[in-house]
1. Consider CYS232 carefully, then state whether it is farther than 30 Å from GLY198 by Cβ, surrounded by 14 or more Cβ atoms within 10 Å (Cβ to Cβ), of a type in the set (A, V, I, L, M, F, W, C) and outside the structural domain of VAL382 (by TED's automatic domain parsing).
2. Checking the structure you have, find out if any residue of region 139-156 is among the basic types (Lys, Arg), surrounded by 15 or more Cβ atoms within 10 Å (Cβ to Cβ) and more than 16 Å from the ligand (Cβ to nearest atom).
3. In region 105-185, which strands (runs of 3 or more DSSP E) lie fully inside it and hold 3 or more residues that are more than 20 Å from SER200 (Cβ to Cβ)?
4. So in region 173-199, with the set limited to residues that are more than 10 Å from the ligand (Cβ to nearest atom), in contact with a strand residue (DSSP E or B) (Cβ under 8 Å, 6 or more places away or on another chain) and of a type outside the set (Val, Ile, Thr), which one is modelled with the lowest pLDDT?
5. Are any of the residues in region 332-354 more than 16 Å from the ligand (Cβ to nearest atom) and surrounded by 22 or more Cβ atoms within 10 Å (Cβ to Cβ)?
6. Which helices (runs of 4 or more DSSP H) does region 278-377 wholly contain that include 3 or more residues that are at pLDDT below 95, on the phi < 0 side of the Ramachandran plot and not assigned by TED's automatic domain parsing to the domain that holds GLU405?
7. Given the criterion over 19 Å from LEU245 (Cα atoms) and without any contact (Cβ under 8 Å) to a residue 12 or more places away in the chain, identify the matching residue among LYS379, LYS303, LYS349, LYS286.
8. Looking at (1) surrounded by 13 or more Cβ atoms within 10 Å (Cβ to Cβ); (2) farther than 30 Å from THR100 by Cβ, which is the one condition that is false for TYR243?
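The values are calculated or read from the model by the stated rules, or taken from the named source; none is laboratory data. Please read all numbers here as calculations on a predicted model, not as lab measurements. Cβ atoms come from the backbone with ideal geometry, glycine included; neighbour counts cover every protein chain shown.
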Amino acid sequence: MALAQRSTLKNAAAQRTRSAAAPRVAFSSPVVAQLRQAAQTVRAAQQPAAQRNVKAQAAAVEATQAKTEVYNKSQFELYTLTTWLLQEQRKGKIDSELATVISSISLACKQIAAAVGRSGISSLTGVAGTGENVQGEEQKKLDVISNDIFCNCLRMSGRTGVIASEEEATPVAVEETDSGNYIVVFDPLDGSSNIDAGISVGSIFGIYEPSETCMVDGDLDQSLEACITNVCQPGKNLLVAGYCLYSSCHTMVLTIGDGVYGFTLDPYVGEFVLTHNRIQVPEVGKIYSFNEGNYAMWDEPTKKYMDSLKDPAKWGGKPYSARYIGSLVGDFHRTLLYGGIYGYPGDAKNKNGKLRLLYECAPMSFIAEQAGGMGSTGKERVLDIQPTEVHQRVPLMIGSKKEVEYYESFYKN
Ligand code: FBP
């Protein structure tokens, strides 16, 4: 290689090292910055007003474009339940332990969704053959499977202290707890009378403050007592409530005490994706959802209420519409989105109705209130009731505020 070429390369190399070595700080020193700022101010002062205006407008357009870009999120951007939980943590709305419990519940719901979807194919329909549960109901195979799935996921989260299930006679103290000790109450598969017909069913859950452990050394009775005391809390103490609807699409609806959000399971990605932001139940809705088969056993005020809904003259010629799936999660989900009222009153056979306060009525009432609706027994706010038993039943009127107030008005006259 010619001498000249070599010396040019050498100079270039030397130049590169010199500039790399040279402290770049010189050019970005505060002095220079100040100078630049001063220069800009001078220049700005020299610019005629119109020009400044154009610039301001351009800046404004740029800002909006920038903002719009945020919303023109790429088609592949998925706002999942996990993303949402992380965001809520960043806002200090929930701690990482509680987020872990919610994630473990979402995993349980995904597994149950898969089992429900395959129930006919994998012969998961029919009764379990385990006899009756504590409710006196013949357990379905999927009742037992869903309960196992929920218990396993909650245990493995390592963040739960006590769990209480519709399918378990007594609450269970979880030993595999690293920390968090949250109390979780749940109905693993609600509406199971519909399961063999492939009609919508669901899971319902509520999470309460961490408990003093209820493992009283060596004394099982005392432990059980402590567990029961821990789970028997009024609904107004709930931190989180939610349900998962298994139907044409699987949707988890959730509140952490700051509005209600809906996440739909994307079967391709296997993630719950945010699809319903801050759900608000319409204040009125002309749909009622009651098992009218019990009409004859209802008390007078409830009969009068039901008769009034069917009187066209009372509603400008168009009476209320009846919708009843026979699964609380399905009927409540429709009521939450369309408005109206779901009701399961007490009757001559079941004075307090059929639904359980702790893991059905309280979580659903917390969601209803967070969405601007109401949850009442017809005479009092469900969330104020202090449970005395784990599987205690209460009448439930839930949904649009005006519709529940209208029902309550029949007990005030
Ligand atoms: P479980 O299936 O969890 O026992 O729930 C009770 C439930 O099935 C609700 O989902 C539903 O709203 C109600 O009972 C239906 O009761 P009925 O068949 O008496 O109308």
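1. yes
2. Here is the first cut: in region 139-156, the ones among the basic types (Lys, Arg) are 140-141, 155.
Right, trim to surrounded by 15 or more Cβ atoms within 10 Å (Cβ to Cβ) and you get 140-141, 155.
Retained after the next criterion (residues that are more than 16 Å from the ligand (Cβ to nearest atom)): 155.
Yes, because at least one residue in region 139-156 is among the basic types (Lys, Arg), surrounded by 15 or more Cβ atoms within 10 Å (Cβ to Cβ) and more than 16 Å from the ligand (Cβ to nearest atom).
3. Passing ranges, in order: 127-132, 160-165.
4. My answer is GLY180.
5. So far as region 332-354 goes, no, none of its residues is more than 16 Å from the ligand (Cβ to nearest atom) and surrounded by 22 or more Cβ atoms within 10 Å (Cβ to Cβ).
6. none
7. Just one listed residue meets the conditions, LYS303.
8. All conditions are met except number (2).
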